[in-house]
Amino acid sequence: MDPLLQVVSGVPIFRDCNRAELEALKLHLHERNFLAGEIVFDEGEDGEGMYVVIRGKLRANRKGILTKKSLGVIQAGESFGEMALLGAGPRMATVVAEEDTTVLAMFRPELVALAQARPRLGYKIAMGVALVLESRLRRFADGQSTEPSAT
């Protein structure tokens with residue numbers, strides 16, 4: 001299997017996808033490279049898509065009254081920005097590359113097109129996003145996190 005797809009297949013959102021579905025999904029993923037210190041997206045800007053980290057490390061921060069608040073580190077094999085796949089809305093955090101980083105991006109219009117062409121795959125991805133968000137909300141409700149979602 002393609003090394004990029006191996007990383008993608010381990011991300012909870014795509015974990016239930018079979019090899020053929022991952023190959024179809026690959027056509028809708030876009031590689032992006034960020035240098036250390038480069039902003040992937042800013043808190044408050046409209047969300048357009050989600051990202052899977054292939055290599056590197058990023059940090060999610062929220063604006064505070066006097067200082068920014070770190071929400072945590074995002075590393076290879078993890079995803080972020082998933083809420084943007086479900087609907088337009090402001091980003092809940094700023095994400096910055098802490099080191100040179102490669103991600104795969106998927107944008108909402110592509111998910112819609114994919115779901116129209118392959119409804120079962122679209123359903124799997126939407127359910128994967130819902131389960132990731134549900135898990136984050138439960139951790140927040142249980143007091144294991146100070147924020148319901150990093151992005």
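Do we have Asp100 as under 23 Å from Leu137 (Cα atoms) and surrounded by fewer than 16 Cβ atoms within 10 Å (Cβ to Cβ) here? So Asp100 does not fit the description; no. The set of residues in region 96-130 being more than 11 Å from the chain's Cα centre (by Cα) and within 14 Å of Val40 (Cα to Cα) consists of Val96, Ala97, Glu98, Glu99, Asp100, Thr101, Thr102. Of everything in region 1-11 that is exposed (fewer than 15 other Cβ atoms within 10 Å of the Cβ) and in contact (Cβ under 8 Å) with a residue 24 or more places away in the chain, the residue that is nearest to Ala76 (Cα to Cα) is Gly10.
This table checks each residue for (1) in contact with a helix residue (DSSP H, G or I) (Cβ under 9 Å, 6 or more places away or on another chain); (2) not aliphatic (A, V, I, L, M).
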position: Val103; (1), (2): no, no
position: Arg108; (1), (2): yes, yes
position: Ala115; (1), (2): yes, no
position: Pro119; (1), (2): no, yes
position: Ala126; (1), (2): yes, no
position: Ala130; (1), (2): yes, no
position: Arg139; (1), (2): no, yes
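Taken together, the residues in region 46-73 that are among the aliphatic types (A, V, I, L, M), more than 23 Å from Ser9 (Cβ to Cβ) and surrounded by fewer than 17 Cβ atoms within 10 Å (Cβ to Cβ) amount to 2.
Do we have any residue at all in region 21-28 that's of a type outside the set (Lys, Arg) and in contact with a strand residue (DSSP E or B) (Cβ under 7 Å, 6 or more places away or on another chain)?
We begin by selecting, within region 21-28, every residue of a type outside the set (Lys, Arg); these are 21-25, 27-28.
Add one more test, that the residue is in contact with a strand residue (DSSP E or B) (Cβ under 7 Å, 6 or more places away or on another chain), and what stays is 28.
Yes, that holds for at least one residue.
For region 13-25, which residues satisfy the criterion of being surrounded by 15 or more Cβ atoms within 10 Å (Cβ to Cβ) and under 15 Å from the mean Cα position of the chain (by Cα)? Ile13, Phe14, Leu25 - these are the residues of region 13-25 that are surrounded by 15 or more Cβ atoms within 10 Å (Cβ to Cβ) and under 15 Å from the mean Cα position of the chain (by Cα).
When you check Ala88 against the structure, is it under 26 Å from Pro119 (Cβ atoms), among the small types (Gly, Ala, Ser) and in contact (Cβ under 8 Å) with a residue 60 or more places away in the chain, yes or no? Write out each step before concluding.
Details: under 26 Å from Pro119 (Cβ atoms): yes; among the small types (Gly, Ala, Ser): yes; in contact (Cβ under 8 Å) with a residue 60 or more places away in the chain: no.
Here the answer is no, as Ala88 does not meet what is asked.
Residues in region 88-100: is at least one in contact with a Lys or Arg (Cβ under 6 Å, 6 or more places away or on another chain) and either closer than 18 Å to Val7 by Cα or aromatic (Phe, Trp, Tyr) (or both)? Lay out the reasoning, then the answer.
Of the residues in region 88-100, the ones in contact with a Lys or Arg (Cβ under 6 Å, 6 or more places away or on another chain) are 93, 96, 98-99.
Then drop every residue that is not either closer than 18 Å to Val7 by Cα or aromatic (Phe, Trp, Tyr) (or both), which leaves none.
Taking every residue of region 88-100 in turn, none turns out to be in contact with a Lys or Arg (Cβ under 6 Å, 6 or more places away or on another chain) and either closer than 18 Å to Val7 by Cα or aromatic (Phe, Trp, Tyr) (or both).
Of all residues in region 132-145, those satisfying the criterion of being out of contact with any Ser or Thr (no Cβ under 7 Å at 6 or more places or on another chain), farther than 21 Å from Ala88 by Cβ and either assigned to a helix (DSSP H, G or I) or not charged (D, E, K, R) (or both) are Ser135, Arg138, Phe140, Ala141, Gly143, Gln144, Ser145.
Any read-out appearing in this document is the output of simple, stated calculations on the displayed coordinates, not a laboratory observation. Because the structure is a prediction, the values reported are computed rather than measured. Glycine gets a Cβ as well: all are built from the backbone with ideal geometry, and neighbour counts include every protein chain shown.
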